[in-house]
Amino acid sequence: MNRKEKPHAKIELRRISRVFFTRKVVLFGFIVIVIFIFTALFPFLLTPYDPYRQQLEETLRPPSAKHLLGTDAIGRDTYTRIIYGARTSLVTGVFATFLAASFGMAMGLLAGFYGGITGTAIMRFTDAIMCFPPILSALVISGLLGAGLRNVVIAIGVTLLPAYCRLMYAQTITVKENDYVLAARSLGATNLRIMLRHVLPNCFPPLIVLITMNMGTAILSEAGLSFLGVGIKPPLPAWGAMVSEGYLYLRSHPVLSFAPGLAIMLVVFAFNMVGDGLRDALDPRLRGRI
Amino acid sequence: MTGYIVRRLIQAFFILILVTLLIFFIMRILPGDPIYMYLTMMEAQRISEKDLMALKKQFGLDKPMIIQYVNWIRGLTHGDMGTSILNRDSVGKEIKKRLPRTAYLGLLALIISAAVGIPAGIISATRRATWLDNLVTTIANCGITVPIFWLGIVFIYIFGLYLKWLPVQGYTSPFDNFWLSLKQAILPVLCLATMPTAGIMRQTRSSTLEVLRQDYVRTAWAKGLREPAIIRVHVLKNALIPVVTLIGLTVRVVFGGSVLVETVFNIPGIGRMTVEGILSQDYPVVQGALLIISITVLLANLLVDLSYGWLDPRVKYE
């Protein structure tokens with residue numbers, strides 16, 4: 001970008017941030033995400049306890065000044081485990097989304113650019129993936145690979161992949177018909193260069209929105225998998241698994257499953273609202289489509 | 001139109017073949033051997049190599065993968081979905097028993113989500129930026145983000161344990177005991193309907209807003225038509241096209257939800273069956289469940305595509 005364009009970019013950025021922060025609920029979501037990331041990075045600043053430490057003389061304590069949300073069946077502090085669980089959720093969200101976005105975009109780009117049999121094969125493959133409910137395919141993949149953070153990331157990544165593939169495919173087939181692509185080609189640009197310089201930048205607004213929203217979806221899926229027992233392996237603190245463990249003591253200690261569930265909802269809500277806000281700010285035409 | 005239907009059916013058939021390939025090979029490429037799972041339950045150490053081979057042979061697991069696939073498909077065409085490795089029940093029979101339960105709850109959830117979501121979305125769009133719109137939007141935004149398994153647990157606590165209005169768990173067929181069945185269905189159906197309702201509300205709201213901006217709606221106002229007539233005649237039909245697509249996709253969401261909801265409420269449906277199959281690495285059970293679910297989803301999508309022509313004559317069947 002040359003110097004002349006800079007003021008324009010600045011104005012554009014200011015407009016985007018103004019639209020973005022207009023809605024109070026978007027601002028709320030933004031603050032929640034900032035807190036969430038801070039919690040995931042520095043959990044030890046927010047709680048004096050160790051999330052793994054079992055105190056068998058203090059099991060199933062009700063909420064008190066010492067244990068804000070009480071303790072679980074083997075005497076671990078619930079509040080501390082929720083705080084540390086943020087890290088598990090953030091890691092799953094970031095890596096699963098990154099995995100899905102990078103592979104999905106590459107696939108969509110190839111399918112759209114080369115078309116033909118390659119394109120058909122790739123797109124029909126994503127159609128086939130989309131015949132399965134996402135949580136179900138994640139359940140099967142994660143269940144077969146075995147529980148654990150890495151496998152959960154892979155499983156959720158696969159379920160998120162088709163959306164990126166389709167987005168890139170749709171963008172590529174429109175962009176590639178443009179005259180400036182022809183011009184670039186006549187100047188001797190390689191396929192790779194055309195894809196990276198002309199096709200990719202056109203997809204950024206919807207992509208950023210999709211990535212933000214998928215962070216929430218991934219966190220929600222991870223919670224579901226951990227709830228079913230094929231997600232995060234204990235004792236690593238994970239919100240979904242905490243809901244499941246707490247379910248056993250629902251009658252006497254509802255807070256054990258209520259509190260982590262609220263944390264899931266709050267964070268997923270925040271990502272969705274920020275995604276909404278970004279969509280309105282970056283590309284209002286997408287309203288109702290993503 | 002006929003040509004389009006035929007083409008669409010052929011396309012669906014190819015996707016179906018891809019789906020079976022995907023199911024079959026993913027189940028085999030990923031690690032885990034069902035025979036060992038079976039053996040740990042029957043004292044794995046004591047079994048000899050010969051018996052192991054015999055067992056593998058019995059379940060057809062000794063043959064090359066391609067042959068196993070062909071055998072599976074051949075069985076399917078005869079209505080044989082294989083036998084469960086764990087308890088040796090016929091998978092087809094088990095699915096026949098369980099699918100109606102999931103379908104019953106899922107259909108109720110679908111009906112509720114359309115019946116609540118569409119009117120709420122329209123009200124919210126026509127009363128934009130009022131307290132009513134804010135309320136609907138907030139509820140919808142919460143609905144698409146709430147973890148439904150957690151919502152189920154909260155419902156169980158409030159309505160089952162605290163207020164004692166509804167039974168906590170289980171499933172009864174409506175033909176055996178209608179009232180008990182209805183009472184048991186309320187909470188799971190509410191959970192299943194939450195996300196679709198919210199999704200339909202949001203989609204209806206945004207597409208209605210889109211249509212309300214069109215010139216022909218302004219013309220209708222200028223002609224002096226009343227609001228209900230404008231909404232019914234001019235807005236609804238156009239605004240509902242994307243909503244119908246979403247309802248088609250919702251079948252997938254409801255099946256996905258049933259995996260979680262059936263676990264929370266202890267309902268012996270097809271979702272629970274898949275979870276149990278995965279946890280015990282029972283290949284035929286998981287394969288069968290995945291196949292039935294994906295076929296249903298595929299059919300729902302097909303139905304939606306075909307309904308476009310009826311809803312929107314502009315859609316050209318290319």
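Structure data summary
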quantity: Residue identified as farther than 28 Å from A:M273 by Cβ, at the interface with chain A (Cβ under 9 Å from one of its Cβ atoms), surrounded by 17 or more Cβ atoms within 10 Å (Cβ to Cβ) and of a type in the set (S, T, Y) among B:S280, B:S294; calculated: B:S294
quantity: The one condition in (1) in contact (Cβ under 8 Å) with a residue 24 or more places away in the chain; (2) surrounded by fewer than 24 Cβ atoms within 10 Å (Cβ to Cβ); (3) within 30 Å of A:R53 (Cβ to Cβ); (4) more than 10 Å from every other protein chain (Cβ to nearest Cβ) that A:G229 fails to fulfil; calculated: (4)
quantity: Selection status of A:V230, in a loop (DSSP other than H, G, I, E, B) and β-branched (V, I, T); calculated: yes
quantity: Out of B:G199, B:G160, B:G256, B:G248, sole residue that is crowded, with 16+ Cβ neighbours inside 10 Å, over 24 Å from A:A138 (Cβ atoms) and either within 14 Å of another protein chain (Cβ to nearest Cβ) or hydrophobic (A, V, I, L, M, F, W, C) (or both); calculated: B:G160
quantity: Whichever residue in the range B:202-245 is at the interface with chain A (Cβ under 9 Å from one of its Cβ atoms) and within 30 Å of A:G224 (Cβ to Cβ) and, among such residues, is surrounded by the most Cβ atoms within 10 Å (Cβ to Cβ); calculated: B:R205
quantity: Sole residue being in contact with a Pro (Cβ under 8 Å, 6 or more places away or on another chain) and either crowded, with 23+ Cβ neighbours inside 10 Å or closer than 29 Å to B:L291 by Cα (or both), chosen from A:G146, A:G157; calculated: A:G146
quantity: Residue that is nearest to the other protein chains (Cβ to nearest Cβ) [pool: residues in the range A:232-249 that are hydrophobic (A, V, I, L, M, F, W, C) and buried (at least 24 other Cβ atoms within 10 Å of the Cβ)]; calculated: A:V243
quantity: Which listed residue is in a helix (DSSP H, G or I), modelled with pLDDT under 85 and out of contact with any Gly (no Cβ under 9 Å at 6 or more places or on another chain), from B:R7, B:R88; calculated: B:R7
quantity: Check on A:I264, at the interface with chain B (Cβ under 10 Å from one of its Cβ atoms) and β-branched (V, I, T); calculated: yes
quantity: Residue in the range A:64-74 that is under 17 Å from A:P237 (Cβ atoms) and not in a loop (DSSP other than H, G, I, E, B) present; calculated: yes
quantity: So A:A101, is it surrounded by 17 or more Cβ atoms within 10 Å (Cβ to Cβ), modelled with pLDDT of 90 or more and within 28 Å of B:G248 (Cβ to Cβ); calculated: yes
quantity: Exclusive hit being over 14 Å from the mean Cα position of the chain (by Cα), charged (D, E, K, R), buried (at least 16 other Cβ atoms within 10 Å of the Cβ) and at negative phi, set A:D72, A:D50; calculated: A:D72
quantity: Residues located in the range A:142-178, provided they are within 30 Å of A:G229 (Cα to Cα) and of a type in the set (S, T, Y); calculated: A:S142, A:T159, A:Y164
quantity: Segments classed as helices (runs of 4 or more DSSP H), wholly inside the range B:164-277, with at least 2 members that are under 27 Å from A:G240 (Cα atoms) and touching a residue at least 24 places away in the same chain (Cβ under 8 Å); calculated: B:178-212, B:236-264
quantity: Any hit, the range B:173-196, residues being surrounded by 23 or more Cβ atoms within 10 Å (Cβ to Cβ), out of contact with any His (no Cβ under 9 Å at 6 or more places or on another chain) and within 11 Å of chain A (Cβ to nearest Cβ); calculated: yes
quantity: Residue among A:M215, A:M195 that is modelled with pLDDT of 90 or more and touching a helix residue (DSSP H, G or I) at 6+ places or on another chain (Cβ under 7 Å); calculated: A:M215
quantity: Test for A:R193: is it part of a helix (DSSP H, G or I), among the basic types (K, R), away from chain B (no Cβ under 14 Å) and touching a residue at least 12 places away in the same chain (Cβ under 8 Å); calculated: no
quantity: So B:D305, is it acidic (D, E), more than 23 Å from B:I26 (Cα to Cα) and within 13 Å of another protein chain (Cβ to nearest Cβ); calculated: yes
quantity: Pairs where the first residue, in the range B:76-102, is surrounded by 15 or more Cβ atoms within 10 Å (Cβ to Cβ) and the second is in a loop (DSSP other than H, G, I, E, B) and among the aromatic types (F, W, Y), C-beta under 9 Å, 6+ apart; calculated: B:G82/B:F59; B:T83/B:F59; B:I85/B:F59; B:R101/B:Y171
quantity: Checking A:N214 against (1) under 26 Å from B:I278 (Cα atoms); (2) surrounded by fewer than 23 Cβ atoms within 10 Å (Cβ to Cβ), the condition it does not meet; calculated: (2)
quantity: Residue match in the range B:58-66 (condition: out of contact with any Lys or Arg (no Cβ under 8 Å at 6 or more places or on another chain) and closer than 14 Å to B:I292 by Cβ); calculated: no
quantity: Extreme residue, farthest from the other protein chains (Cβ to nearest Cβ), among residues of the range A:97-149 that are within 30 Å of B:E262 (Cβ to Cβ) and not in a helix (DSSP H, G or I); calculated: A:G148
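The values are calculated or read from the model by the stated rules, or taken from the named source; none is laboratory data. Quick caveat: nothing in here was measured; it's all calculated off a predicted structure. Neighbour counts run over all protein chains shown; Cβ positions are idealised from the backbone, glycine included.
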